[in-house]
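For reference, the structure discussed in these notes is given below.
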Amino acid sequence: MPHAEVEINAELVKQLLDTQAPQWANEEIFYLATGWDNEVYRLGTELAVRLPRRELGEAIGHNERRWLPQLAAETGLPIALPIFVGEPAPHYPFTFSICPYIPGRSAATVNRTVRDGYAEQFTRILYRLHQPAGASAPRSEFRGVPLTALDMKTRNQISALDPALQEPALALWEDAVSAAPHEGAPVWLHGDPHPHNTIINDSASQDAIVSLVDFGDLCTGDPASDLGMFWMHFSPAIISEAFDQYGVEPGSPIWRRSRGWGLRFAMLTANLGPDDLLGAIGREALGILFADSNSAATGGF
């Protein structure tokens, strides 16, 4: 995980609220989670405070606040929009957001067979999300772009894999990068819908079973970028069902590009520590992708 550029704790959060949002100053504050770019604290029972822990988190916060309302309006998806924006302070250099708290647990805390249970809803969320976006909508340098733009970087990542994995990884990547590119208008993308950004709600009293959070990488481009996360979430049979539900045929250009994105996501996380949940998920995904690649080479999918 990237090094934090500022120290954040519950005392700091309380100081910020006391001076900028006194309407919540009496609510209980307690630590919830640390991500690559933000720390999150619970604020009472219904809210959460997201605070950048490094400069990139500041840029991500601005991106979310600028575009999430438009995304929610254009897709109709229930998205936890920020309800308050805090300003930098003498003891904290970044803006921060107060948002509705999404109850549940990270999908990274359960195994693939459990995650298989929300595949239909997850796929439906992505399908609704992937609506054509206007020309002014944000683009990314590393999500939703043509795979050719990431070719050299990906080949370098493959060369750092275990030698036994390099040949199947290179074959998979070369097949993906040679697939026909995305045609038509760029679509809205979550950008990073991995299991840690997916919240499972086990409560029978709640309508929503699964929700996407952390839209910091929100951008537009090729939907294959998001669909590549199927390999991070689900078991092989359910991956096939999810693509079928979405309307993607095995072996089609978008399916091949999605595999390339799946490889990139798996490699990005596989080297995380042995106790890191996303690290374990990435290593599992590599195994599934290479088994899938062997099946494709013999004529089956």
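Annotation note: of 209, 239, the sole residue that is farther than 15 Å from residue 191 by Cα, modelled with pLDDT under 95, among the β-branched types (Val, Ile, Thr) and in contact with a helix residue (DSSP H, G or I) (Cβ under 7 Å, 6 or more places away or on another chain) is 209. Among the residues making up the range 103-121, those that are assigned to a loop (DSSP other than H, G, I, E, B) and not β-branched (Val, Ile, Thr) are 103, 104, 111.
Looking across 29, 83, 79, one residue alone is surrounded by 16 or more Cβ atoms within 10 Å (Cβ to Cβ), β-branched (Val, Ile, Thr), under 25 Å from residue 130 (Cα atoms) and not assigned by TED's automatic domain parsing to the domain that holds residue 272. It is 79. Yes or no: residue 228 surrounded by 16 or more Cβ atoms within 10 Å (Cβ to Cβ) and modelled with pLDDT of 95 or more? Judged against the criteria, residue 228 is a match. The set of residues in the range 15-39 being within 26 Å of residue 2 (Cβ to Cβ), assigned to a loop (DSSP other than H, G, I, E, B) and of a type in the set (D, E, K, R) consists of 37 alone. Among the residues making up the range 85-122, those that are within 19 Å of residue 16 (Cα to Cα) and touching a strand residue (DSSP E or B) at 6+ places or on another chain (Cβ under 8 Å) are 85, 86, 92, 94, 95, 96, 97, 98, 99, 100, 101. Considering only the range 188-200, I want to know if a residue exists there that is in a helix (DSSP H, G or I) and charged (D, E, K, R). The answer is no; no qualifying residue exists.
Of all residues in the range 69-84, those that are charged (D, E, K, R) have Cβ atoms under 6 Å from Cβ atoms of residues that are in a loop (DSSP other than H, G, I, E, B), 6 or more apart or on another chain, in 74/131.
Checking each residue of the range 47-62 against the condition of being surrounded by fewer than 19 Cβ atoms within 10 Å (Cβ to Cβ), under 20 Å from residue 198 (Cβ atoms) and not hydroxyl-bearing (Ser, Thr, Tyr) gives no match.
Check the range 54-72 and report whether any residue there is over 20 Å from the mean Cα position of the chain (by Cα) and not hydrophobic (A, V, I, L, M, F, W, C). No, the range 54-72 has no match at all. Collect the residues in the range 85-102 that are assigned to a loop (DSSP other than H, G, I, E, B), more than 18 Å from residue 4 (Cα to Cα) and touching a residue at least 60 places away in the same chain (Cβ under 8 Å), keeping them in residue-number order. 87, 102, listed by residue number. Within the range 40-55, being touching a residue at least 24 places away in the same chain (Cβ under 8 Å) and hydrophobic (A, V, I, L, M, F, W, C) holds for 43, 47, 48, 49, 51.
The values are calculated or read from the model by the stated rules, or taken from the named source; none is laboratory data. Quick caveat: nothing in here was measured; it's all calculated off a predicted structure. Counting neighbours? That spans all protein chains shown, and the Cβs are built from the backbone with ideal geometry, glycine included.
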